[in-house]
1. Does region B:287-300 contain at least one residue that is more than 15 Å from the chain's Cα centre (by Cα) and either modelled with pLDDT under 95 or in the same structural domain as residue B:180 (by TED's automatic domain parsing) (or both)?
2. Scan B:342, B:371, B:326 and give me the residue that is surrounded by 18 or more Cβ atoms within 10 Å (Cβ to Cβ), more than 30 Å from residue A:64 (Cβ to Cβ) and touching a residue at least 60 places away in the same chain (Cβ under 8 Å).
3. Would you mind finding the one in A:156, A:124 that is surrounded by fewer than 20 Cβ atoms within 10 Å (Cβ to Cβ) and either outside any loop (DSSP other than H, G, I, E, B) or touching a residue at least 40 places away in the same chain (Cβ under 8 Å) (or both)?
4. Looking at residue B:156, is it at pLDDT 95 or above and crowded, with 20+ Cβ neighbours inside 10 Å?
5. When you go through A:203, A:269, A:262, A:235 one by one, which is the residue that is free of Cβ contacts under 8 Å to residues at least 60 places away in the same chain, more than 30 Å from residue B:375 (Cβ to Cβ) and over 15 Å from the mean Cα position of the chain (by Cα)?
6. Where in region B:317-389 are the helices (runs of 4 or more DSSP H), entirely inside, with at least 1 residues that are within 14 Å of another protein chain (Cβ to nearest Cβ) and touching a helix residue (DSSP H, G or I) at 6+ places or on another chain (Cβ under 9 Å)?
7. Going by the structure shown, is residue B:53 at pLDDT below 95 and farther than 18 Å from residue B:373 by Cβ?
């Protein structure tokens, strides 16, 4: 451990050394798989077993199938899937924010045992596997399910599990909401509430103080939570697979799952993974730029 | 390194015309019109050996063997059976090839897989002297087109593609005659109450059969695209669910009809809620449909090949096969099993007698055979477009 008399160079070396295992982990378990996906996407298919044969030398990569997938994404059938997926994610993130922000705000304003209990309640959904929770919704939303029957009583009678966009968005919100609330809570918990009080002292109404002080100061938490749930939502396939199983609600993950697990065209699935990765990198870039801007404003 | 031509058995390549291109056309693909005798690159085990002790490792679909029947086999031979499972045939092939799964017997594979398994030298031939019950098999399956002489395979179950349905719902079952029955899947009156199989070969073939076509292995892109367009109409008309669980959903009452395999409906009574009469389940299939079978394979690296033979023979026994059918649902490929036995002993409801595949109907059905990579890519593209919605 670095002593009180250690030089800045020693401290830098110490921190670099501490970061080394994590960096190696990332290199091995992120960069290598990412490169492998590219090698599969631009590789070939074993003509006998119809399995992907990665081509490790980029000079030997073939782009025919990738080009076919890209043209489908840009102007073919996969364009609709991408747009649908994007729409689902945008709506689901928006609903998560509307539902999750008040919860995070409320918990952040609590103290002592009450806060601890509320935090515990927020974590409870993680105790049960998401798969099991979604399967329970399948039972509830079946034509004779409890939820379907209850909704019929109030005059809402429809098939919930046969290609319903509402059900898929609901499933996404249900599955990812806790992941939004926690970073949002962390951001609100760190908020300097004296600034809100100052705004009130200067004549701002509750709404104005929220709009001009609380909301801007929690922007980093909103961005972090939104990115945290949007990224996995883009690749999600089991929500629509369990709650819909219809082509009408197919997401990008559905297509990737088919190409990789149900077909002989695994290189096309890998190409779609890369397309999605590029799109998500754009979302991530937006988040990082937004975060840097927020920090500049706050400093 | 992936398995290309270099990893194929030289003897097989020689038998199939050789070459180094690694194209699947070099594989001996049997069809009903052109049966094949697969090349044998290793000798079967010798006659008269005693079954090994220890653990027999089996690779199979989940729920494809009756635990009670397995337990009786274990007590009969004083051994243990260890089961590993796969979800799709593609997964099984890849894991067997890569060595990720080490087993004695593979069960549930079909003729779509046999050529690559033999090509990669992953199988060993059966020794018929250990299979005293082999003659219980349906005659046509004792010498199947994909493996003449049943050298590497022993048939297990037979099935046909058709429509499973509820007899207690308001369905127009009068259409279930001739080829017209397929139209039920396009009937908007059943909107939201229909399921169709999520398997591209089976499901794209179905609209072709509906149109009276018989070439379900076509390389004609226009025909496959027409099938995709027809399926899109199904989505518009009835908003079906795509999956392979009609055997649960129809008995549970969550759907009224579904495009499924006959074995799914034969398994249906086991999924009915308590107190519901099995006669609520029905199945229809026309003469022009897909029929098929799966089989047992003895893996080349088996460390207990004699015990594996004993296991196969055990399940070829009529009583054991009936017990297994009671749990699995699928119909054993045994000519020795009579419809009356399934009704009286296994409680098969009369409403499901039509789900049984007679040897004659099995023979007259269409078969899916392995496609070349180029043709398969056409089918995959059309299916991808269909599931894109």
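The values are calculated or read from the model by the stated rules, or taken from the named source; none is laboratory data. Predicted, not measured: the structure shown is a model, and the values here were computed from it. Neighbour counts run over all protein chains shown; Cβ positions are idealised from the backbone, glycine included.
1. Filtering region B:287-300 down to residues more than 15 Å from the chain's Cα centre (by Cα) leaves B:287-288, B:298-300.
Filter once more, keeping what is either modelled with pLDDT under 95 or in the same structural domain as residue B:180 (by TED's automatic domain parsing) (or both): B:287-288.
Checking region B:287-300: at least one residue is more than 15 Å from the chain's Cα centre (by Cα) and either modelled with pLDDT under 95 or in the same structural domain as residue B:180 (by TED's automatic domain parsing) (or both).
2. Working: B:342 fails: touching a residue at least 60 places away in the same chain (Cβ under 8 Å); B:371 fails: more than 30 Å from residue A:64 (Cβ to Cβ).
Matching residue, one of B:342, B:371, B:326: B:326.
3. Values: A:156 fails: either outside any loop (DSSP other than H, G, I, E, B) or touching a residue at least 40 places away in the same chain (Cβ under 8 Å) (or both).
Just one listed residue meets the conditions, A:124.
4. Values: at pLDDT 95 or above: yes; crowded, with 20+ Cβ neighbours inside 10 Å: yes.
Yes, satisfied.
5. On the way: A:269 fails: more than 30 Å from residue B:375 (Cβ to Cβ); A:262 fails: more than 30 Å from residue B:375 (Cβ to Cβ); A:235 fails: over 15 Å from the mean Cα position of the chain (by Cα).
Testing whether each residue is free of Cβ contacts under 8 Å to residues at least 60 places away in the same chain, more than 30 Å from residue B:375 (Cβ to Cβ) and over 15 Å from the mean Cα position of the chain (by Cα) leaves just A:203.
6. Details: elements: B:318-328, B:339-344, B:359-364, B:373-387.
Helices (runs of 4 or more DSSP H) meeting the threshold: B:373-387.
7. Details: at pLDDT below 95: no; farther than 18 Å from residue B:373 by Cβ: yes.
When the stated conditions are applied, residue B:53 does not pass them.
For every residue, the table says whether it meets (1) away from chain B (no Cβ under 14 Å); (2) closer than 18 Å to residue A:228 by Cβ; (3) in contact with a helix residue (DSSP H, G or I) (Cβ under 7 Å, 6 or more places away or on another chain).
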| residue | (1), (2), (3) |
| --- | --- |
| A:101 | yes, yes, yes |
| A:132 | yes, no, no |
| A:140 | no, no, yes |
| A:145 | no, no, yes |
